[in-house]
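Below is one structure, written out as structure tokens, with a few remarks after it.
The values are calculated or read from the model by the stated rules, or taken from the named source; none is laboratory data. What you are looking at is a predicted structure, and each value in this text was computed from that prediction instead of being measured. Ideal geometry is used to build each Cβ from the backbone, glycine not excepted, and the neighbour counts take in all protein chains shown.
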Amino acid sequence: MSTSAWLLQPRRVFVTPVVAQHRVPWGMVGIEQAIADMGKKARDGKLTIEDMAGGTFTISNGGVFGSLMGTPIINLPQTAVLGLHAIKDRPIAVNGKVEVRPMMYLALTYDHRLLDGREAVQFLVKIKEYIEDPRRMLL
């Protein structure tokens, strides 16, 4: 059973409630609703131990606090953590010319005992593709 967690700051305390696959309807709408529901529970101080247990993967969005780049640390015993950072205009090369484009750094920290580097990088590339063109998630 696959589960995921994300960092949430309801009252200056970071928590990682878990969105468990068996508790969430399939699809982006179901996941989005589950995250919203869990966020409300956290803000209201109503998270249970069950809400916090069993996570295997965390998504940490330091970008909302202005983080430009960093490497998140795995919340043991989880397998990996994906760090998202602030979207900022940066100069990049496009067809041999320098252009200013919005850019965001991603960082994936993973336990190499459990995940092979090739699969981890392929996952990170897929996340990049989804961010660049969200329609791909619907295919």
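For this structure, a couple of remarks:
- Check on Pro10, surrounded by 12 or more Cβ atoms within 10 Å (Cβ to Cβ), assigned to a loop (DSSP other than H, G, I, E, B), of a type outside the set (Ser, Thr, Tyr) and modelled with pLDDT under 80: yes
- Looking at Ala53, Ala86, Ala120, Ala107, just one residue is of a type in the set (Gly, Ala, Ser) and within 15 Å of Val15 (Cβ to Cβ), and that residue is Ala53.
- Of everything in region 127-139 that is of a type outside the set (A, V, I, L, M) and more than 13 Å from the chain's Cα centre (by Cα), the residue that is modelled with the lowest pLDDT is Arg136.
- Matching option when the condition is out of contact with any strand residue (DSSP E or B) (no Cβ under 9 Å at 6 or more places or on another chain) and either surrounded by 11 or more Cβ atoms within 10 Å (Cβ to Cβ) or at pLDDT 90 or above (or both), among Ala86, Ala34, Ala107, Ala53: Ala86
- Among strands (runs of 3 or more DSSP E) entirely within region 31-139, having at least 2 residues that are of a type in the set (Val, Ile, Thr) singles out 57-61, 88-94, 97-103.
- Condition broken by Phe123, with the remaining ones in (1) touching a helix residue (DSSP H, G or I) at 6+ places or on another chain (Cβ under 8 Å); (2) under 25 Å from Gly27 (Cα atoms) satisfied: (1)
- Here Lys128 fits the description: in contact with a Leu (Cβ under 7 Å, 6 or more places away or on another chain) and free of Cβ contacts under 8 Å to residues at least 24 places away in the same chain.
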